[in-house]
Amino acid sequence: MIKMKKFSIAIHGGAGTILKKDMTKELESAYLDGLREALLSGYTVLENGGTSLLAVETAVSNLENNILFNAGRGSVFSHNGLHEMDAAIMNGKTLDAGAVAGVTNIANPIKLAMLVMQNSEHVLLSGQGANDFATEQGFSFEQNEYFFSQLRYDQWQVLLGSDNYALDHSNPVNEIKDGKKFGTVGAVAYDQFGNVAASTSTGGMTNKKYGRIGDSPLIGCGTYANNKTCAISCTGHGEPFIKAVAAYDVSCLMEYKGMSLQQAMNEVVHVKLVKLQGEGGMIGVDSHGDTAMIFNSAGMYRASKSSDSKMEIAVYK
Ligand code: ASP
């Protein structure tokens, strides 16, 4: 019998002050179901001999379609009442990357990011231009109502009269004010051909203004993949992650300092980001297919599975 080559995938659905005491049983199981379903959608691609690129696109699309997560359908409200979304995908084999920022009315921004990578000469398209590209690529646009959820609306109403913005996952309105709930979804994978890939998608921050863009669509900050080292997808307060060039820093620590994935992620999440008050976390997979999920916040929605290990799904520390 031919032994199947190793493959693995890890996903996240955001990090932040996610505490068991704030969670109902029903909500907790809805999150766990959502994570399981998304993880298995990507895992199945890998199991059937698909690429890590397709696996991370599939898993993130699945999370974008789930209203519980702040990406695609469940995206938060910007100050102008729209849902302005960011997404990125990167192929560790070729270093090809595609990203979109501030796109509106697109159900699956990650699919658009993939087409930026495959069908344009560019890496990052933003705003109306990215929407025009989507039209050219035959995308259909969803009505604003598609993205509506009462919870996100209520969160936005709390902040609307102010200049404040907040990173929020989905916790009660009174907790948004501390700005410590994060959204965003992401996936990293290692396929049977030995290639890694990463993808990240987000609605960003509630009540964000001025076309604010976070770390998620910025290659090297919230998303990075390189077969030499690892694939990384981040979640958390975007600005410190941008300043830390967080995802690429993990790769650099591995490439230039010879650290393992786990050591490099610990260094970035627990030392570098902490110094910049960067609350959040990241998931990673290395060039042997080993995964890690590390965060400095109270919780991170996360799940992983490889061909030689059991499924792991967790929320709290
Ligand atoms: N990092 C994302 C941003 O700053 C938000 C998040 O991860 O929840 O846009």
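Things to note:
- Only one of the listed residues (134, 101) is surrounded by 23 or more Cβ atoms within 10 Å (Cβ to Cβ), over 14 Å from the mean Cα position of the chain (by Cα) and not polar (S, T, N, Q). That residue is 134.
- Looking across 107, 10, one residue alone is of a type in the set (A, V, I, L, M, F, W, C), touching a Lys or Arg at 6+ places or on another chain (Cβ under 8 Å) and in a strand (DSSP E or B). It is 10.
- Taking the range 179-211 as the range and being part of a loop (DSSP other than H, G, I, E, B) and buried (at least 24 other Cβ atoms within 10 Å of the Cβ) as the test, the residues that pass are 182, 183, 184, 191, 203, 204, 205, 207.
- Restricting attention to the range 212-261, the residues being open to solvent by 50 Å² or more (accessible area, probe 1.4 Å), within 13 Å of the ligand (Cβ to nearest atom) and at positive phi number 0.
- Considering only residues in the range 67-91 that are farther than 15 Å from residue 38 by Cα and of a type in the set (A, V, I, L, M, F, W, C), the one that is most open to solvent (accessible area, probe 1.4 Å) turns out to be 82.
- Residue in the range 110-129 that is most open to solvent (accessible area, probe 1.4 Å), counting only those that are part of a strand (DSSP E or B) and of a type outside the set (Gly, Ala, Ser): 124
- Strands (runs of 3 or more DSSP E) lying entirely in the range 234-317 (those with 3 or more residues that are among the hydroxyl-bearing types (Ser, Thr, Tyr) and in contact (Cβ under 8 Å) with a residue 24 or more places away in the chain): 299-306
- One residue stands out in the range 262-292 among those that are aliphatic (A, V, I, L, M) and open to solvent by 20 Å² or more (accessible area, probe 1.4 Å): the one that is nearest to residue 316 (Cα to Cα), namely 274.
- Flag for residue 59 being assigned to a helix (DSSP H, G or I), touching a residue at least 24 places away in the same chain (Cβ under 8 Å), away from the ligand (no atom under 14 Å from the Cβ) and buried (at least 22 other Cβ atoms within 10 Å of the Cβ): yes
- Test: residue in the range 33-50 that is closer than 23 Å to residue 237 by Cβ and open to solvent by 10 Å² or more (accessible area, probe 1.4 Å): no
- Considering the range 1-30, and only residues there that are over 15 Å from the mean Cα position of the chain (by Cα) and within 16 Å of the ligand (Cβ to nearest atom), the residue that is least open to solvent (accessible area, probe 1.4 Å) turns out to be 18.
- Yes/no for residue 246 being closer than 16 Å to residue 219 by Cα and either modelled with pLDDT of 95 or more or not aromatic (Phe, Trp, Tyr) (or both): yes
The values are calculated or read from the model by the stated rules, or taken from the named source; none is laboratory data. Since this is a predicted model, take the numbers as computed values, not measurements. All Cβ positions, glycine included, derive from the backbone under ideal geometry; neighbour counts span all protein chains shown. These accessible areas exclude ligands, DNA and RNA; they are computed on the full protein's heavy atoms, side chains included. Shrake-Rupley method; radii C 1.70, N 1.55, O 1.52, S 1.80 Å.
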